[in-house]
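Structure first, commentary second.
The values are calculated or read from the model by the stated rules, or taken from the named source; none is laboratory data. Remember, predicted model here, so these are calculated numbers, not experimental data. A quick note on method: Cβ atoms are made from the backbone with ideal geometry, for glycine too, and the neighbour counts reach across all protein chains shown.
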Amino acid sequence: MKKTAPKTRRPGSGKRERYIQPSILMGLCRKASYGYELIHSLQEFGFVKGEAPPGMIYRHLRQLEEDGLVVSEWITEGTGPAKRMYRLTQEGREVLALWVAHMAAQAARLDQFVQTYREMEPPPLDKNEAR
């Protein structure tokens, strides 16, 4: 059996979806909102290219509600269909604060890594790497 070399992922190719939940929490921290509005605003945070898939957003909203981080109510006033309005709970605010602290620590580690690289003298190229 022939061994295959492990695939090397290109930089920045990690799962961005892991930041969907904190992005939803951030959006709801700004103001109460409904799913459709959130779908259109989440790309602002840079973790989703284009519009977020509706099924994924509604799945996360249901999970956040089950976890007590958001609450929702049906709004039936006005014209058009009823809308499910979501808002952040106090526990949701606390979880968002934990996410922000985690992201800040990650950003500091990344900044330190970049700074260390920039301060090094470029190492000479290995003849095998020059190909």
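Quick notes on this one:
- In segment 91-108, the residues that are under 17 Å from Gly27 (Cβ atoms), of a type outside the set (A, V, I, L, M, F, W, C) and free of Cβ contacts under 8 Å to residues at least 40 places away in the same chain: Glu91, Glu94
- Test: His60 is under 14 Å from the mean Cα position of the chain (by Cα) and surrounded by fewer than 15 Cβ atoms within 10 Å (Cβ to Cβ): no
- Of the residues contained in segment 29-36, none is found to be assigned to a helix (DSSP H, G or I), touching a His at 6+ places or on another chain (Cβ under 8 Å) and either at pLDDT 85 or above or on the phi < 0 side of the Ramachandran plot (or both).
- Residues located in segment 78-124, provided they are acidic (Asp, Glu) and surrounded by 10 or more Cβ atoms within 10 Å (Cβ to Cβ): Glu91, Glu94, Asp111
- Test: residue in segment 74-96 that is in a helix (DSSP H, G or I) and aliphatic (A, V, I, L, M): yes
- Residue in segment 97-108 that is under 14 Å from the mean Cα position of the chain (by Cα) and outside any helix (DSSP H, G or I) present: no
- Any chance Gly50 is under 24 Å from Met103 (Cα atoms), out of contact with any helix residue (DSSP H, G or I) (no Cβ under 8 Å at 6 or more places or on another chain) and at pLDDT below 95: no
- Pairs, first within 19 Å of Pro54 (Cβ to Cβ) and without any contact (Cβ under 8 Å) to a residue 24 or more places away in the chain in segment 21-35, second part of a helix (DSSP H, G or I) and among the hydroxyl-bearing types (Ser, Thr, Tyr), C-beta under 6 Å, six or more apart: Gly27/Ser41
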